[in-house]
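Okay, so here's the structure we're looking at.
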Amino acid sequence: MVLYQRTNDRPYVILNAAMSIDGKIATKKGDSKISSKDDLVRVHKLRASVDAIMVGINTVLIDDPSLKVKYCEGKNPIRIVVDSKARTPIRSRIISDKDAPTLIAVTNKAPVDRVNKLKEAGAKIIICGEGEKVDLAILLKTLKDMGIKKVLVEGGGNINWSIISQGFFDELQVTIGPFIVGGRDAITLVEGNGVEKIDESIKVNLHKVEHYGDEVVLIYKVSR
């Protein structure tokens, strides 16, 4: 069973995503434009309410997001990329746009030349573990030590699995758009290995339901 881990060693973590009726967050070709303008306003208000926004490297490579606040007033959050091998492109918007600080979480196995190039481009590098993947416990504790109290995760299915499977989240906000996407290769809300039995999964409680036209926003909080 996945264990919920709410401790003083990490910030409050919110996972946010938009998905189709059949649970896809992107098509098999990577198109992830599911949210309406109303939902984008909601998301950017959420961005403005947190200290930092986190994505995985695949989101950066596929979408090249700036991760700034655009559709409302508010301060841009610190941007965090979970990027074990330091693959973040120097010309990506998250690096070239200097309107907010960018932190790149890598492992000590990341190529030194890539790490140095990212540093030279202005990114702050955080070494989180010695394995093949970033140790999220180390990353979240480091963020907490930096004074970051609330983190918004806008990642893809893999980082969502990493966060959820380790119990490192407190809230889940999911917009369901009026689309049926299909495709066994289309990305779902949560990828990874998954669990074998329902009683091994993590339980969440429905906290609130919001409605925008044909969209529904489900807000869950983790069972204590």
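Nothing in this text is a laboratory measurement; each read-out follows from the coordinates by a stated rule. Keep in mind that what you see is a predicted model, and the values were worked out from it rather than measured. Glycine also receives a Cβ, built like all others from the backbone with ideal geometry; neighbour counts cover every protein chain displayed.
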Shape call for the stretch 57-189, from the Cα gyration tensor axes a ≥ b ≥ c (a/c under 1.5 means rounded, otherwise prolate when a/b beats b/c, else oblate), comes out rounded
Restricting to lysines and to Cα separations under 21 Å from Lys208, and discarding same-chain partners fewer than 8 apart, the set is Lys37, Lys45, Lys150, Lys221
Residue order, fewest to most surrounding Cβ atoms within 10 angstrom, among Asp135, Asp170: Asp135, Asp170
State the dimensionless ratio Rg/Rh of the stretch 20-124 (Rg: radius of gyration of Cα atoms; Rh: Kirkwood radius). 1.00
Checking the table Lys29/Lys70; Lys117/Lys203; Lys70/Lys144 against a 31 Å threshold on Cα-Cα, which pairs fail? Lys117/Lys203
Give the separation of the Cα centroids, the stretch 9-55 to the stretch 100-155, in Å. 21
Counting other C-beta atoms within 10 Å, which of Met146, Met54 has the fewest, and how do the rest follow? Met146, Met54
Given an 8 Å cut-off on Cα distances and at least 6 residues of separation, report the relative contact order of the chain as a percent. 32
Within 10 Å, count the other beta carbons around each residue, average over each peptide in 124-133, 193-202, and list them highest first. 124-133, 193-202
Determine the shape class of the stretch 68-120: with a ≥ b ≥ c the square roots of the Cα gyration tensor eigenvalues, call it rounded for a/c under 1.5, and otherwise prolate if a/b is greater than b/c, oblate otherwise. prolate
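Between Lys119 and Ile180, what length comes free when the chain is fully extended (0.36 nm per residue of separation minus the Cα-Cα distance, one decimal in nm)?
Using 0.36 nm per residue and subtracting the Cα-Cα distance, I get 17.8 nm.
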Just to be sure I understand the rule: take each whole DSSP H helix in the chain, project its Cα atoms onto its long axis, keep it if the span is 15 Å or more and its mean Kyte-Doolittle hydropathy is at least -1.0. Which ones pass? 37-48
